[in-house]
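Worksheet: one structure, shown below.
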Amino acid sequence: MFDHIKAFQRKLQLLCRHLSAGNLAHFPSLREVNLVQQKLSEYATLVSNLDLEFEMRFLDFRKNSGDMELFSQPFSTSVDCVPDHIQMELIEFQCDSELRNKFMSLKLKDLYTHVSPERYPNIRKHAQVMLSLFGSTYICEQTFSVMNLNKTRLRSNLTDLHLQDVLTLSVSQLQPDIERLVKAKDQLHVSH
């Protein structure tokens, strides 16, 4: 996701430069219409404003770009660009040929399961933080969607306590063992 955001922003910057210079290479529809330089300047301003808005909207990504780089490219990140408490660990990590091979063959999220917590505790902790950023966002969105589906005008008697129970069950990854629960009961109530 971070890569897509960076790529989109760089494309906006390229489009702005091209429009300012009168280059319509990426605007085939505008090429067909003979536009005066003033109109191109207005379009360049619009794209520039969009770029500024995009920059403000994703300011947190810019602030955390070094952390995301360390997470996604641990073997090419400069040791001088990481916090002091990670530097020595990162040098060891980058010289670990077994981990380098795993980095080339595994998905990024699977790589960090092979990182030793004893040998690389700070790098592993950093990876857990980075992985949790996106997982928690998904769970929040999923929970909000489930809440909207359940809290409708037709279900107005649903209390907040009941809604909380519904949401907990909806987003939980746990599967109840019904057979074991039934066998654990001394007496079955068939009428229920």
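The values are calculated or read from the model by the stated rules, or taken from the named source; none is laboratory data. Worth saying up front: this structure is predicted, and the values here are computed from it rather than measured. Here Cβ is always computed from backbone atoms with ideal geometry, including for glycine, and neighbour counts include all displayed protein chains. Remember, those area values only see protein heavy atoms, side chains included, never the ligands or the DNA or RNA. Shrake-Rupley method; radii C 1.70, N 1.55, O 1.52, S 1.80 Å.
Points worth noting:
- Length gained when the stretch LEU169-GLU42 is fully extended (0.36 nm per residue, less Cα-Cα span): 40.5 nm
- Of the residues LEU111, PHE58, ILE91, the one whose Cα sits farthest towards the positive end of the charge dipole of the chain is PHE58 (charges of +1 on Lys and Arg Cβ, -1 on Asp and Glu Cβ, taken about the Cα centre).
- Charging the Cβ of each Asp and Glu at -1 and of each Lys and Arg at +1, and nothing else, the dipole of the chain about its Cα centre rounds to 580 debye.
- Reachable aspartates and glutamates, given that their alpha-carbon falls under 19 Å from the alpha-carbon of LYS102 and they are not under 8 places away in the same chain: GLU69, GLU89, GLU92, ASP110, GLU118
- Cleavage-rule hits (trypsin sites (Lys or Arg not before Pro)) in the stretch 93-153: DSSP loop, at most 16 neighbouring Cβ within 10 angstrom: LYS107, ARG119, LYS151
- Measuring nothing but how far apart in sequence close Cα pairs (under 8 Å, 6+ apart) lie, relative to its length, the chain scores a relative contact order of 13 percent.
- For the stretch 7-76, the relative contact order comes to 37 percent (Cα pairs under 8 Å, sequence separation of at least 6).
- Among the protein heavy atoms of the chain, carbon and sulfur supply 56% of the accessible surface, probe 1.4 Å, non-protein parts ignored.
- Estimated Rh, the chain: Kirkwood, alpha-carbon pairs, angstrom: 22.3
- Sorted peptide list for 169-181, 39-51, criterion being average Cβ within 10 angstrom, highest first: 39-51, 169-181
- Gain upon complete extension [ILE139, SER116; 0.36 nm per residue less C-alpha separation]: 5.5 nm
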